[in-house]
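To keep things clear, I will list the structure first and then write my remarks on it.
The values are calculated or read from the model by the stated rules, or taken from the named source; none is laboratory data. Remember, it's a predicted structure, so these values are computed and weren't measured experimentally. Positions of Cβ are generated from backbone atoms using ideal geometry, with glycine treated the same way; all protein chains shown enter the neighbour counts. Surface accessibility is based on the protein's heavy atoms, side chains included, excluding ligands, DNA and RNA. Shrake-Rupley method; radii C 1.70, N 1.55, O 1.52, S 1.80 Å.
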Amino acid sequence: QVRLVESGGGLVQSGGSLRLSCVASGSIFSTRVMGWYRQASGKERELVAEITSNGVINYADSVKGRFTISSDAAENTVNLQMNSLKPEDTAVYYCTALFQYSNQRNWGQGTQVTVSS
């Protein structure tokens, strides 16, 4: 069974940094896309950043220049370095992964990121 485990959330002051990490396990195949979504209270889940196994990256406009996504497809890991954090970045951050030969999107349990002003 596929499992995604996130780590690295927490409380930080505005302008600070956090690093999120995620490890995917349970599939005999490598990931083809890994990334991060977030959901703030009362809002819909939205894309933060995704990276393909070929290295193609997509960022939400709201995080460009502040967040950096990286991954190791062979190890099925993805990281999100978040700098210059703002209160509006406060949300539950979810790791997501698509594996080779499957269109099923898998999700982690989520990790809380809170940015105080």
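Annotations
- Net +/- balance of residues flanking Val48 in space, Cβ distance below 14 Å, scoring K and R +1, D and E -1: 0
- Relative contact order of the chain, pairs being alpha-carbon contacts under 8 Å that are 6 or more residues apart, as %: 37
- Nearest-20 debye value, the chain charge dipole, Cβ charges on Lys, Arg, Asp, Glu: 60
- By average C-beta atoms within 10 angstrom, highest first, the peptides 90-98, 8-16, 106-114: 90-98, 106-114, 8-16
- Residue-wise HN-Hα coupling along segment 98-109, computed from phi with Karplus coefficients 6.51, -1.76, 1.60 (Hz; x: Gly, Pro): 10, 9, 4, 6, 9, 9, 7, 8, 9, 10, x, 7
- In order along segment 73-80, the phi-based Karplus estimate (6.51 cos²θ - 1.76 cosθ + 1.60, θ = phi - 60°) of 3J(HN,Hα) comes to 4, 5, 9, 6, 10, 9, 10, 9 Hz; Gly and Pro are listed as x.
- As a fraction of the 1.4 Å probe accessible area of the chain, surface on carbon and sulfur atoms comes out at 45 percent.
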